[in-house]
Amino acid sequence: MANLKGSTFEKQIKNAKIRLEARGQSRHNKKDEHLTHSNALALKRDNYLKSFAEYAISLHLSENKLNQYMTNEMITNFLHKKTENMSLKSSINFTRGFSGLMDGLKHTGITISTDKQIFNDFVSHLKDIKQPNQKTYSREIEKLQEVLNAISLKSPSAGAIATIQAKLGLRVSEARELLNNSQKYLTAQNTIEGLKGKGNHLYKAIPISKELYQLITNNKAISYQQYREVLKELNIKSHDFRFTYVKNRMEQLVKTLSYKEALLKVSKEINHKRAEITTYYLSQTSF
């Protein structure tokens, strides 16, 4: 395996395009199925590469080869940022297209440390977030503890993910990361530290109960698709737990803080910065 050649991202992108070039060759040959066989795909892949390079530069990363930044964490954060304002269909197409680019580069011998599953997980995430909600009621979960118990009976791992989401307001990707690498984030003082959210934004230290500490250390996460299937049986989407957390947390905080202060505090707790985000979440509940 090797790195892309070139001293700059621009030159490395050019090298990637040369490696992938297969226009005029049969696309039905399995040996070359991941290469670039059309002008349309060449343009798309050029856009993918340039977009990822721009994202790396925005994080002040340019010392290493571009492919060395193509890790699970970097690509997931990149996809979050890139698809934020896209429609569901466009978001899925972009994700699948970028996944194909990774397959192509790996096929040519470029070292890339990504797991194919992250793209499937991200598509599932997109469907949960962007797909129009089929429910005729708000997105908060009623009888939350009963629902968590029901999920745990179907799958202890799914129950652990759901409980973390419900108790801490985390995104499913963050809850899974916490379960799979608990030793990295849990402290002896029963807090979670160093956890990063969407856009690589760092969560502040999160205090947790001893019960939740034990739940995290005693479980590992199943895949996003498996989790989604468990929730589907109960007509729940993973982000519903986040909506529920915001609603319940606001009900607690307005007892001691002004409404405006509570909005901002909850926004920061769910790894955002603006009170308007909390307002949006509340608009999808019965608050």
What about GLU73, is it part of a helix (DSSP H, G or I) and over 18 Å from the mean Cα position of the chain (by Cα)?
no
So which of LEU153, LEU195 ends up being at pLDDT 95 or above, farther than 18 Å from TYR245 by Cβ and among the aliphatic types (A, V, I, L, M)?
LEU153
Within the bounds of the range 77-89, is there any residue that is over 12 Å from the mean Cα position of the chain (by Cα), of a type in the set (A, V, I, L, M) and surrounded by 16 or more Cβ atoms within 10 Å (Cβ to Cβ)?
no
One residue is enough: does the range 206-213 have a residue meeting the conditions under 23 Å from the mean Cα position of the chain (by Cα) and within 15 Å of VAL172 (Cα to Cα)?
no
Could you tell me whether LEU4 is at negative phi and at pLDDT below 95?
no
Could you give every pair whose Cβ atoms fall below 7 Å, whose first residue belongs to the range 103-126 and is assigned to a helix (DSSP H, G or I), and whose second residue is of a type in the set (Phe, Trp, Tyr), counting only separations of at least 6 or pairs across chains?
ASP121/TYR224; SER124/TYR224; HIS125/TYR224
Subset of the range 160-199 [of a type in the set (D, E, K, R), in a helix (DSSP H, G or I) and either surrounded by 14 or more Cβ atoms within 10 Å (Cβ to Cβ) or assigned by TED's automatic domain parsing to the domain that holds THR83 (or both)]:
LYS167, GLU174, ARG176, GLU177, LYS198
Kindly indicate whether ILE110 is at pLDDT 90 or above and among the aliphatic types (A, V, I, L, M).
yes
Looking at LYS260, LYS273, LYS268, LYS255, which one is surrounded by fewer than 13 Cβ atoms within 10 Å (Cβ to Cβ), out of contact with any strand residue (DSSP E or B) (no Cβ under 9 Å at 6 or more places or on another chain) and within 22 Å of ILE192 (Cα to Cα)?
LYS273
Out of (1) without any contact (Cβ under 8 Å) to a residue 24 or more places away in the chain; (2) farther than 30 Å from PHE52 by Cβ, what's the single condition that is false for TYR185?
(2)
Does THR279 qualify as being under 22 Å from HIS125 (Cβ atoms), out of contact with any Gly (no Cβ under 6 Å at 6 or more places or on another chain) and either surrounded by 12 or more Cβ atoms within 10 Å (Cβ to Cβ) or not assigned by TED's automatic domain parsing to the domain that holds ARG176 (or both)?
no
Any idea how many residues of the range 248-268 are touching a residue at least 40 places away in the same chain (Cβ under 8 Å) and either outside the structural domain of ILE164 (by TED's automatic domain parsing) or more than 19 Å from ILE141 (Cα to Cα) (or both)?
1
So for the range 225-239 (the condition being touching a Phe, Trp or Tyr at 6+ places or on another chain (Cβ under 8 Å) and either surrounded by 15 or more Cβ atoms within 10 Å (Cβ to Cβ) or of a type in the set (Val, Ile, Thr) (or both)), does at least one residue qualify?
yes
Criterion first (buried (at least 17 other Cβ atoms within 10 Å of the Cβ) and touching a Leu at 6+ places or on another chain (Cβ under 7 Å)) does GLY100 satisfy it?
no
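The values are calculated or read from the model by the stated rules, or taken from the named source; none is laboratory data. This is a predicted model, so every value here is computed, not measured. Counting neighbours? That spans all protein chains shown, and the Cβs are built from the backbone with ideal geometry, glycine included.
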